[in-house]
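Shown next, in structure tokens, is the structure this report addresses.
The values are calculated or read from the model by the stated rules, or taken from the named source; none is laboratory data. Bear in mind the structure is a predicted one, so any value in this text is a computation, not a measurement. Positions of Cβ are backbone-derived with ideal geometry, glycine not excepted, and every protein chain shown enters the neighbour counts. What goes into the accessible areas is simple: the full protein's heavy atoms, side chains included, and nothing from ligands, DNA or RNA. Shrake-Rupley method; radii C 1.70, N 1.55, O 1.52, S 1.80 Å.
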Amino acid sequence: MDTKILLVAVNAKYIHPCPAVYSLSASCGHPESVEIAEFTINDRYQDILDEILEWEAALIGFSSYIWNTEILLNLAADIRRVRRDAVILFAGGPEASYAPERFLAVCDFVVCGEGEVPFNRIMDLAADVLEDHPSGMMGSPRSLAALKAEILANVPGLVFRPGTYKGFRSDKANACENADLDSIPFPYKDLAAFANRIIYYESSRGCPFRCTYCLSSIDKRVRFRSLDKVYEELQFFLDREVPQVKFIDRTFNCSPDRAKAIWTFLKEHDNGITNFHFEIGADLLGEEELALLETLRPGQVQLEIGIQSTNPETLLAINRTANLPRLFENIRHLRRANNMHLHVDLIAGLPYEGLRAFAKSFNDVYALHADQLQLGFLKVLGGTVMQEKAAEYDIRYSQRPPYEVLSTKWLTYGELAMLRRIDDVLEYYYNSGQFRHALGYIEGYWESAFAFYRDLAGFFRQKGYDRERPAAARRYEVLAEFVESSCSAAGDRKGYGSIEGNGKILDGIAGNVKSRFDFAVFREYLRFDRDLHIHRSRRRKVVDEYDFGEGKVRLEIDYEHRDVITGEAGFNG
């Protein structure tokens, strides 16, 4: 079979490959006839189009997601203008599956749901229909018309416009059965295409939970790859010292015994290098799993924990059944272990959560002191319960991908815009991990964590720093400028500040050991943070003195040995 089939992925970043196209290629009976072309949303559009057309492929498939839909639609339209009937275009993935009408304006058909079984059938038909044609006829309109007719008649799980292209065909009785996960071949036998990129690995599909905003809730079953296969494939990564493997299982520990078995395998086969990322439900962790996680090599795993909200009414509305007290205690337990990177998530724009309620959720989650707090914004995805209830909740959202919330019954557009600015400064200062000591000193003197980042975001906007987007080294001085401006005009700028009021520096709140905020000490912590992250000289080690309010201390900073969790240079006194 000489026909050329091209699978196209346009990724968010170079380091994020598209596992779907590699799984499709590995799963079909003719992988030698499949080529993969990966790009990023930051690549020049004309360069992407030129490269796709250079393949002269008879069939071109697009892997669609919320970040690349508009680019793919434009690419398909332009390819059609150039190739006319000398190409078959198709699309799959979440965006095409749940909004096929847009893709059918420029594509011949859409593969709905999982793609391995239908794509394998498409490849078999391509071999049967085109194998007798010489290579010059592969893309001829006659042979492709015959192939398209065979595909539309015989491949289950497709949506297309038949005949005059009026109306959709979506024959649920002809729906495609999902593949057994053990039948899907391992797609990473050749790692050359994944140098300096994250490896995405899938040991299960589906999710037992029913979060109303998530497409994973549509798949009512959880299917697992057998543990023997998982162990074999993880050993493959370990033997090759892959830097990071990111599990894309929606709730990795939905089966606690299975999660414990995999974590035990990783502990027993640790290569001292590879890091594994898991998205988990922290409230599902029992004592045995917590004890096991404590024993892993520092930096061996990182955990992403979706909290989304701490407002009971909101959690009920979105079908989140988390046990918050247990979840918080488990996160604190993992934090005390200090051997893994912890990432927690919040979502702004959920039902029944106005600004005051969201601020409480933010403060509740911030107090856990995870390594990262991701502030996301509700995306109203096609096919979800949230989309069905958008009118009831008066959720207004953009019609452009990623369909992000614009306002709700409980949050105005202006309030959401403010939260997006808070997200920016949160990324700069908290999630960067480069201001840990300075933030730790100041947070006890602010009204609340939310108030601090709200005021910092307002300062950025006032000074134009939100547009300037200061570089990493410049952010230290910007933070000092903000804190100094927040000190009382009546106070001593070189010494103490005590401003009363909303979100300003207060004296001795939150049980802080110091009774008054000392700006000079804050500057010293800020200098210390900078020194831990920004190399000041060519020397591998530097010695300096710092005064944190109790006399000068002499510290040696070692830039050759950085903490695997915080990223800070090592230091000792």
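Here are some notes:
- Segment 321-351: number of residues that are open to solvent by less than 60 Å² (accessible area, probe 1.4 Å) and either under 19 Å from W410 (Cβ atoms) or in a helix (DSSP H, G or I) (or both): 14
- Pairs, first within 16 Å of F160 (Cα to Cα) in segment 111-129, second among the hydroxyl-bearing types (S, T, Y), C-beta under 7 Å, six or more apart: C112/S97; G113/S97; F119/S27
- Of all residues in segment 226-241, those satisfying the criterion of being among the aliphatic types (A, V, I, L, M) and either closer than 14 Å to A261 by Cα or open to solvent by 50 Å² or more (accessible area, probe 1.4 Å) (or both) are L227, V230, L234.
- Residue within segment 74-96 that is within 24 Å of the chain's Cα centre (by Cα), more than 15 Å from V21 (Cβ to Cβ), open to solvent by less than 40 Å² (accessible area, probe 1.4 Å) and among the aliphatic types (A, V, I, L, M) present: no
- Residues in segment 53-92 that are touching a Ser or Thr at 6+ places or on another chain (Cβ under 6 Å) and modelled with pLDDT of 95 or more: L72, A91.
- Close contacts from segment 75-89, counting a first residue that is in contact (Cβ under 8 Å) with a residue 60 or more places away in the chain and a second that is assigned to a loop (DSSP other than H, G, I, E, B), with Cβ to Cβ under 8 Å and a gap of 6+ residues or different chains, come to I88/A58; I88/D108.
- Restricting D2, D50 to residues that are modelled with pLDDT of 95 or more and surrounded by fewer than 16 Cβ atoms within 10 Å (Cβ to Cβ) narrows the list to D50.
- Qualifying residues in segment 15-34 (those that are in a helix (DSSP H, G or I) and not small (G, A, S)) - the one surrounded by the most Cβ atoms within 10 Å (Cβ to Cβ): L24
- Verdict on Y397 being of a type in the set (S, T, Y), crowded, with 19+ Cβ neighbours inside 10 Å, in contact with an Asp or Glu (Cβ under 9 Å, 6 or more places away or on another chain) and closer than 30 Å to Q244 by Cα: no
- The condition of being surrounded by fewer than 18 Cβ atoms within 10 Å (Cβ to Cβ), touching a residue at least 12 places away in the same chain (Cβ under 8 Å) and under 30 Å from K379 (Cα atoms) holds for only one of E313, E279, E304, that being E313.
- Residues that are surrounded by 18 or more Cβ atoms within 10 Å (Cβ to Cβ), of a type in the set (G, A, S) and over 17 Å from I318 (Cβ atoms), drawn from segment 360-373: A370
- F209 vs. criteria touching a residue at least 40 places away in the same chain (Cβ under 8 Å) and surrounded by fewer than 21 Cβ atoms within 10 Å (Cβ to Cβ): yes
- On the stretch given as segment 124-145, residues that are crowded, with 16+ Cβ neighbours inside 10 Å, modelled with pLDDT of 85 or more and among the small types (G, A, S) total 1.
- Candidate set: segment 385-437, residues that are in a strand (DSSP E or B) and within 28 Å of L368 (Cβ to Cβ); chosen: the one farthest from the chain's Cα centre (by Cα): V405
- Hits in segment 313-364 - residues which are of a type in the set (S, T, N, Q) and out of contact with any Phe, Trp or Tyr (no Cβ under 6 Å at 6 or more places or on another chain): N319, T321, N323, N330, N338, N339, S361
- Residues that are assigned to a helix (DSSP H, G or I) and of a type in the set (D, E, K, R) within segment 207-261 comprise D228, K229, E232, E233, D239, D257, R258, K260, listed in sequence order.
- Taking segment 282-301 as the range and being open to solvent by 10 Å² or more (accessible area, probe 1.4 Å) and closer than 19 Å to I198 by Cβ as the test, only G299 passes.
- Residue count, segment 549-573 (criterion: under 15 Å from H437 (Cβ atoms), open to solvent by 40 Å² or more (accessible area, probe 1.4 Å) and touching a residue at least 60 places away in the same chain (Cβ under 8 Å)): 0
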